[in-house]
Amino acid sequence: MKLKLIFSASLLIPALSLKAQGLHSSLDTIKPPASYENIYSRPIGSDSLASSFVIFVKKEVKVHKHVTHTEHVYILEGEGEMMLNYKKLKVKKGDIVFIPKNTVHSLKVTSSKPCKVLSVQSPMFDGKDRVFVD
């Protein structure tokens with residue numbers, strides 16, 4: 001079974017803005033606070049079926065999995081090394097990675113600036129099914 005899919009952004013996300021039922025947010029204008037330690041996550045929207053976040057990562061996202069949901073990670077800025085089920089792959093601006101439920105994954109930032117990613121998770125992510133792995 002193949003666990004990763006990486007596509008060019010032009011195939012999947014032709015416009016970098018989100019519009020739905022009165023919600024409109026340009027991903028280009030979403031910035032982190034002036035100071036944050038390693039990870040800053042800004043919710044964009046959610047319902048019972050899905051959640052969307054813009055996440056800024058300075059250093060890394062530790063190895064973990066999600067028991068009940070899948071995740072799509074679209075790299076908006078920066079570069080890094082993702083690990084999916086202990087296999088490493090390089091990611092850069094414009095890449096999208098599909099992460100099935102129960103797939104161990106992590107991200108180590110390799111660029112001088114933080115990685116900025118759009119994370120879309122289904123069903124709704126409430127934080128309770130994140131399991132850190134040694």
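Could you say whether any residue in the stretch 117-124 is surrounded by fewer than 16 Cβ atoms within 10 Å (Cβ to Cβ), touching a Gly at 6+ places or on another chain (Cβ under 9 Å) and under 22 Å from residue 26 (Cβ atoms)?
no
Just to confirm my filter: which strands (runs of 3 or more DSSP E) fall fully inside the stretch 1-74 and include at least 3 residues that are at pLDDT 95 or above?
39-46, 51-57, 60-66
Confirm whether residue 97 is assigned to a strand (DSSP E or B), of a type outside the set (Lys, Arg) and under 22 Å from residue 26 (Cβ atoms).
No; evaluated as a whole, the condition is false for this residue.
Taking the conditions exactly as written (surrounded by fewer than 17 Cβ atoms within 10 Å (Cβ to Cβ), assigned to a strand (DSSP E or B) and either within 13 Å of the chain's Cα centre (by Cα) or not hydroxyl-bearing (Ser, Thr, Tyr) (or both)), does residue 89 satisfy them or not?
Judged against the criteria, residue 89 is a match.
Take the stretch 64-78 and flag every residue that is among the hydrophobic types (A, V, I, L, M, F, W, C) and surrounded by 15 or more Cβ atoms within 10 Å (Cβ to Cβ).
73, 75, 76
Could you grab the pairs with beta carbons closer than 9 Å, sequence gap of 6+ or different chains, first residue in the stretch 51-63 and of a type in the set (Ser, Thr, Tyr), second one outside any strand (DSSP E or B) and loosely packed, with under 15 Cβ neighbours inside 10 Å?
Qualifying pairs under 9 Å: 51/124; 51/126.
The values are calculated or read from the model by the stated rules, or taken from the named source; none is laboratory data. Quick caveat: nothing in here was measured; it's all calculated off a predicted structure. Heads up, the Cβs are rebuilt from the backbone with ideal geometry, glycines too, and the neighbour counts pull from every protein chain shown.
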